[in-house]
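Take a look at the structure set out below.
The values are calculated or read from the model by the stated rules, or taken from the named source; none is laboratory data. Since the structure is predicted, the reported quantities are computational estimates derived from the model, not experimental observations. Counting neighbours? That spans all protein chains shown, and the Cβs are built from the backbone with ideal geometry, glycine included.
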Amino acid sequence: MSQPPAIDLVSAAAFANGQPHEQFRWLRRNAPVYWHPEPHGRGFWAVTRYHDVRAVGRDPKTYSSYRGGILIDDPGGPALAESRNMMLMMDPPQHTRYRQLVSRQFTPRSVQALRPRVEELAAKIIDRVSARGECDLVRDIAGELPSYVIADLMGIPLEDGRRLYELTEKMHASREGAAHDERSLASIEMLNYAIGVAQHKRQHPGPDLATQLLHSEIDGDRLTPAEYGLFFMLLINAGGDTTRNLLAAGMLALFDYPEQRRRLQENLDALIPAAVEEMLRYVSPVIYMRRTAACDTELAGAKIRAGDKVVMYYGAANRDEAVFTNPDEFNIERAPNDHIAFGGGGAHFCLGAHLARLEIQVMLREIFTRLPDLRPAGPPQWLASNFISGLSRLPVKFTAD
Ligand code: HEM
């Protein structure tokens, strides 16, 4: 065994410069299902190899989302009961019934129909910065599009989408990034907002997801207020900072690999789709999802007991040298590229995958067409989170319009 790096996948400090790939590499090689102690908890299994992560994600009978939620921290009794109203924390067959309520809006076809509107919003975002010659790529460009697109889909004002996305950030911060109270207050503000939307949509229904959810039924019953609020929160939370982080950290990768960037810029039509897939693999904005073992089981030789926490590290799996050649290299023409940044293909596979791809493709094209000499203007800053990976700041400059 090579000398192990200190293993810490919990503190925000471990993610201060991006995902801890040195640790992941060591774990994949030496302890692919590693017992990770926790300063504030009972410990968990860290799963870092591609095929093991996929196996866990595709087996909800053995690895449940319902039993303990999807975050490493164990939710307390009332919080766990409450969170089980969100489909992310459900197991099939209950999960299947909830997901069907909204899945039609996220098919490749429905998403393609949104393209003109997404292009219009992307142009508007670049219009706002193009005369300035400099901006923060995270705040002024990358964060805007996902919050506007989801606001549009939900049928709420674009500016409210912006505020909700700030709340998402607070909720996704780690212990060190935001105090518990701050995270709870952000959840409460979002749930209150959802109640207000429900009231408004009852009087002013529209062709939007917020109205549709109001009339949705599970086994003949309308959603309860708690179910409605958490569905709303999930749709807002899931696609905001993830998509933003993919774009910003993906642009940073392009800055770090100027030759790849040059090739992309010279041939946007042909290379954008594969470049986006490589950004997804390389950045892996969702660091992990947790499951809880429903029974005693074994994974890669590790004896897992019923009730144990099992954590799938997507960023580690996406650098698995058994699956990807030169995994630490950013290569926009990588083929095949079966990354699992959206999950390993189980029941919870990202509902918004097609939408996220569309948003990033459209935004990349808009950036490279309108701001072709965009370049870094200062050091990037990474987010203090062990759950969602990305940049909190990336100063850039460019020739003003
Ligand atoms: C780059 C952007 C994104 C990334 C990397 C990402 C990643 C993920 C991952 C890893 C999961 C969990 C998969 C699993 O447990 O198997 C997930 C679930 C989910 N994502 Fe995304 N996502 C992104 C954008 C979006 C967008 C734009 C939406 C739009 C609403 C969205 C909605 C959801 C929802 C609703 C779930 C829960 C699905 C379920 O429980 O059935 N995501 N996403």
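Structure summary
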| read-out | value |
| --- | --- |
| Ala248 vs. criteria surrounded by fewer than 24 Cβ atoms within 10 Å (Cβ to Cβ) and within 16 Å of the ligand (Cβ to nearest atom) | no |
| All positions within segment 71-87 that are within 14 Å of the ligand (Cβ to nearest atom) and within 16 Å of Ser187 (Cα to Cα) | Leu71, Ser83, Arg84, Asn85, Met86 |
| Arg67 within 12 Å of the ligand (Cβ to nearest atom), of a type outside the set (A, V, I, L, M), at pLDDT 95 or above and surrounded by 14 or more Cβ atoms within 10 Å (Cβ to Cβ) | no |
| Test: Gly343 is within 9 Å of the ligand (Cβ to nearest atom), surrounded by 18 or more Cβ atoms within 10 Å (Cβ to Cβ) and at positive phi | yes |
| Which numbered condition Leu351 fails, given (1) under 26 Å from Arg393 (Cα atoms); (2) in contact (Cβ under 8 Å) with a residue 24 or more places away in the chain | (1) |
| Pair list, Cβ < 7 Å and 6+ apart or interchain, from segment 146-169 residues that are farther than 20 Å from Glu119 by Cα to residues that are crowded, with 18+ Cβ neighbours inside 10 Å and β-branched (Val, Ile, Thr) | Leu164/Ile236; Thr168/Ile236 |
| Extreme residue, farthest from the chain's Cα centre (by Cα), among residues of segment 380-396 that are crowded, with 22+ Cβ neighbours inside 10 Å and either assigned to a strand (DSSP E or B) or without any contact (Cβ under 8 Å) to a residue 40 or more places away in the chain (or both) | Val396 |
| Residue count, segment 211-240 (criterion: surrounded by 21 or more Cβ atoms within 10 Å (Cβ to Cβ) and within 13 Å of the ligand (Cβ to nearest atom)) | 10 |
| Close pairs (7 angstrom Cβ cut-off, 6 or more residues apart or separate chains): closer than 16 Å to Leu230 by Cα in segment 98-113, more than 10 Å from the ligand (Cβ to nearest atom) and among the aliphatic types (A, V, I, L, M) anywhere | Tyr98/Ile218; Leu101/Leu213 |
| Filtered residue count, segment 252-297, keeping only those that are assigned to a strand (DSSP E or B), within 14 Å of the ligand (Cβ to nearest atom) and polar (S, T, N, Q) | 1 |
| Selection count where residues are of a type in the set (Gly, Ala, Ser) and touching a residue at least 24 places away in the same chain (Cβ under 8 Å), scope segment 58-97 | 5 |
| Criterion (under 24 Å from Met289 (Cβ atoms) and at pLDDT below 95) met by exactly one of Pro78, Pro92, Pro108 | Pro78 |
| Selection from segment 105-130 of residues that are assigned to a helix (DSSP H, G or I) and within 13 Å of the ligand (Cβ to nearest atom) | Gln105, Phe106, Ser110, Val111, Val118 |
| Conditions (1) at pLDDT 95 or above; (2) outside any helix (DSSP H, G or I); (3) within 16 Å of the ligand (Cβ to nearest atom); (4) not β-branched (Val, Ile, Thr): number failed by Pro327 | (3) |
| Only one of Ala377, Ala302, Ala306 that is in contact with a strand residue (DSSP E or B) (Cβ under 6 Å, 6 or more places away or on another chain), within 30 Å of Ile126 (Cα to Cα) and surrounded by fewer than 22 Cβ atoms within 10 Å (Cβ to Cβ) | Ala377 |
| Matching option when the condition is at pLDDT below 90 and surrounded by fewer than 18 Cβ atoms within 10 Å (Cβ to Cβ), among His180, His200, His172, His204 | His180 |
| Qualifying positions in segment 354-365 - away from the ligand (no atom under 16 Å from the Cβ) and either closer than 20 Å to Arg393 by Cα or aromatic (Phe, Trp, Tyr) (or both) | none |
